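Reading through the structure tokens given below for one structure.
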Amino acid sequence: MSTDEIVVEHLTKQYKRLRAVDDLSFSVRTGRVTGFLGPNGAGKTTTLRMLLGLVTPTSGQATFGGTKYVDLHDPLKHVGAVLEASSAHRGRTGRNHLRMICRAAGLPDSRADEVLTIVGLTPAANRKFKGYSLGMRQRLGIAAALLGDPRVLILDEPANGLDPEGIRWMRDLLKALASEGRTVLVSSHLLGEMQLLADDVVIVAAGKLIRQGPVDEVLGTMGTGAHVRVRTPQAAELKAALSELNATATEQSDGSLMVVGAEAAAIGHAAFTASVELHELATERGDLEQVFLQLTAGKAGIR
Amino acid sequence: MSLGLVNAELFKVRTTSIWWILGIVLVPLYAASVLANWATFATTDPATTEGASDVQAEQVQAALEPVNVATTMYTSGQYFGILIVVLLAAIIVTSEFFHLTATTTFLTTPRRESVILAKFGAAIVVGLIVWLLTTVINLIVVPPIMSNLDVPTQLGSADVWRAIGLNALAFVLWAILGVGVGVLIRSQIAATLVLAISYVVGSAALQLVFFLLSQWVAEWINKLQVLVPTTASQLMISGTDLPGNPPRWVGAAVLIGYAAITGIIGTLITKRRDIS
Ligand SMILES: Nc1ncnc2c1ncn2[C@@H]1O[C@H](COP(=O)(O)OP(=O)(O)OP(=O)(O)O)[C@@H](O)[C@H]1O
Ligand SMILES: [Mg+2]
């Protein structure tokens, strides 16, 4: 087992009347981005807070390479986190917010300026936090998580408040961090974004695990794996040609054909030999949003 | 206690405006205290104690002895200085919850008792700084006042220096008490209000309660007055043992007791509480 793998075992959190997290077990692999998905109130934030020793589990445990967060020697050098309902003092500048963490963590003050550069906040470094926009606040949180150059990153809804460019920036950042061999766990509601970002997903609803695995696998088991979209004026001829490939083509409401069971190259070749004219030929990944809604059907809703 | 963490806590205080706001508030309050002490000693006439009980008369006589005038004058500013320190000490804790920085703090230092210990350390440092400033200014402005009152400056008297030292102890103990209350009452507004009101009004109200109880229930209850924290710290720094009062060490013991109780309970609660 890698020393950076996150392992969650039978984690349970019982609030007075509500079981926010219910016997949840999953693991997060290194070198990959794992999306942590679930409807509102599914228990994502609670799980992440238990992972980080902020909330005490009713039972079960969560470990980083076998060690609980509170037992890590230099926690910030091991794990960086951005959490919901966490903030900075309104009257403190962004740079001082980071320096304050450096001092408590035994990091040099210069790290504050380095991470400010990484997240692009240097121009606002000496401004007070109360003057930051939502996106700037989110970037400051990410900067704080990067201070210790951690092997593991945990982010709760990090895309909140980021503009399209900011979201793209974060996607590239997290992918780059994962490709360096780090472990990245991100919770989010933005399923389209997750489909672009995540290698693996962990889906929870009502505190329970619904599905975990690589994105493609999860999509595949739900029958919405990769398919090819084809547009042609000679639909009947193409269907006939495709049936010889054991591929099935179904007509879509927009007039295109959705082909399952053959690669784009094979379809193109079949069309070419059958002299069928093609206007569009595109491979499409399954739709995470659809799968998510199917999987969590009936389990969503505020508890 | 990790010095790095104490340093980080002091950095937090330094990088927001609260310290200089409270500092500015303290300046006129301190000046008023010095002038009020001066005025008291300048106008109190030992001959006007007729009609008072024997013990009260003795107390007034004792308080007017040069050494007791000196200890009071050289510890001027204690009342408001401690009020400011106790509020700042509580805010060192409550601002973490008020400004939602507790998550960051406990992520950085998951051993929560270390954080609370560092906050005690930082509050003590703040208390000692305020004590040092008021004491240095007292040492400058009080000697001329003493000669105006026709009493010797007495800077060579051990009693005076002991009072100044005990004054430092009072600042330290109240700083600890403030952190403890801040941990117990997490709401910034509630904690500062409770501290300010019980410090300013509470001790007077409690003295009244004790007075009534001693009148109607039993005389000995009056001796329990020393359990009121403000009375305890007053007693602790008085120059010599005043007649009719418990010895000074009782005042110190009472304050240490309060500081220890709030500190220990507060730390235990913080260790158990969910941060969300
Ligand atoms: N301190 C608490 N006391 C009582 N109930 C709580 C507490 N914290 C969370 N809950 C409840 O636990 C459930 C899970 O909350 P949690 O914040 O973990 O959900 P989430 O998956 O992060 O939701 P969202 O997507 O909306 O952020 C919710 O029903 C919430 O009301
Ligand atoms: Mg959440």
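The values are calculated or read from the model by the stated rules, or taken from the named source; none is laboratory data. What you see is a predicted model, and the numbers here were worked out from it, not measured in a lab. Glycine gets a Cβ as well: all are built from the backbone with ideal geometry, and neighbour counts include every protein chain shown. Each accessible area value is taken on the protein alone, full model and side chains, heavy atoms only, with ligands, DNA and RNA left out. Shrake-Rupley method; radii C 1.70, N 1.55, O 1.52, S 1.80 Å.
Details
- Residue match in the range A:79-88 (condition: of a type outside the set (D, E) and part of a helix (DSSP H, G or I)): no
- Test: B:S233 is touching a Leu at 6+ places or on another chain (Cβ under 7 Å) and more than 30 Å from B:T101 (Cα to Cα): yes
- Exactly one residue out of A:L185, A:L153 is under 30 Å from A:F292 (Cα atoms), away from every other protein chain (no Cβ under 11 Å) and touching a Ser or Thr at 6+ places or on another chain (Cβ under 6 Å), and it is A:L185.
- Yes/no for A:L83 being within 10 Å of chain B (Cβ to nearest Cβ), out of contact with any strand residue (DSSP E or B) (no Cβ under 7 Å at 6 or more places or on another chain) and under 26 Å from A:G207 (Cα atoms): no
- Residue match in the range B:165-181 (condition: in a helix (DSSP H, G or I), β-branched (V, I, T) and loosely packed, with under 15 Cβ neighbours inside 10 Å): no
- In the range A:51-62, of all residues being touching a helix residue (DSSP H, G or I) at 6+ places or on another chain (Cβ under 6 Å) and within 18 Å of A:S25 (Cβ to Cβ), the one that is nearest to the other protein chains (Cβ to nearest Cβ) corresponds to A:V55.
- Residue match in the range B:189-208 (condition: more than 26 Å from B:V93 (Cβ to Cβ) and not aliphatic (A, V, I, L, M)): yes
- Residues that are in contact with a strand residue (DSSP E or B) (Cβ under 8 Å, 6 or more places away or on another chain) and within 14 Å of chain B (Cβ to nearest Cβ) were ranked within the range A:14-25; the one that is most open to solvent (accessible area, probe 1.4 Å) is A:Q14.
- A:R111 vs. criteria outside any strand (DSSP E or B), within 14 Å of chain B (Cβ to nearest Cβ) and either surrounded by 21 or more Cβ atoms within 10 Å (Cβ to Cβ) or more than 16 Å from ligand 1 (Cβ to nearest atom) (or both): yes
- Matching entry among A:L37, A:L51 (being within 11 Å of ligand 1 (Cβ to nearest atom), touching a Phe, Trp or Tyr at 6+ places or on another chain (Cβ under 9 Å) and hydrophobic (A, V, I, L, M, F, W, C)): A:L37
Yes or no, residue by residue, for (1) open to solvent by 20 Å² or more (accessible area, probe 1.4 Å); (2) modelled with pLDDT of 75 or more; (3) touching a Pro at 6+ places or on another chain (Cβ under 6 Å); (4) not in a helix (DSSP H, G or I):
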| residue | (1), (2), (3), (4) |
| --- | --- |
| B:V194 | yes, yes, no, no |
| B:S203 | no, no, no, no |
| B:F211 | yes, yes, no, no |
| B:V226 | no, yes, yes, no |
| B:A232 | no, yes, no, no |
| B:M236 | no, yes, no, no |
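- Scanning the range A:248-303 for residues that are at pLDDT below 85 and part of a helix (DSSP H, G or I) yields A:L288, A:E289, A:Q290, A:V291, A:F292, A:L293, A:Q294, A:L295.
- In the set A:G35, A:G43, A:G65, only one residue is away from chain B (no Cβ under 14 Å) and either under 18 Å from the mean Cα position of the chain (by Cα) or within 16 Å of ligand 2 (Cβ to nearest atom) (or both); that residue is A:G35.
- Unmet requirement for A:V28, which otherwise passes all of (1) touching a residue at least 60 places away in the same chain (Cβ under 8 Å); (2) away from chain B (no Cβ under 14 Å); (3) under 23 Å from A:E157 (Cβ atoms); (4) within 15 Å of ligand 1 (Cβ to nearest atom): (4)
- Some residue of the range A:64-71 being in a helix (DSSP H, G or I), more than 13 Å from ligand 1 (Cβ to nearest atom) and either among the aromatic types (F, W, Y) or not assigned by TED's automatic domain parsing to the domain that holds A:D200 (or both): yes
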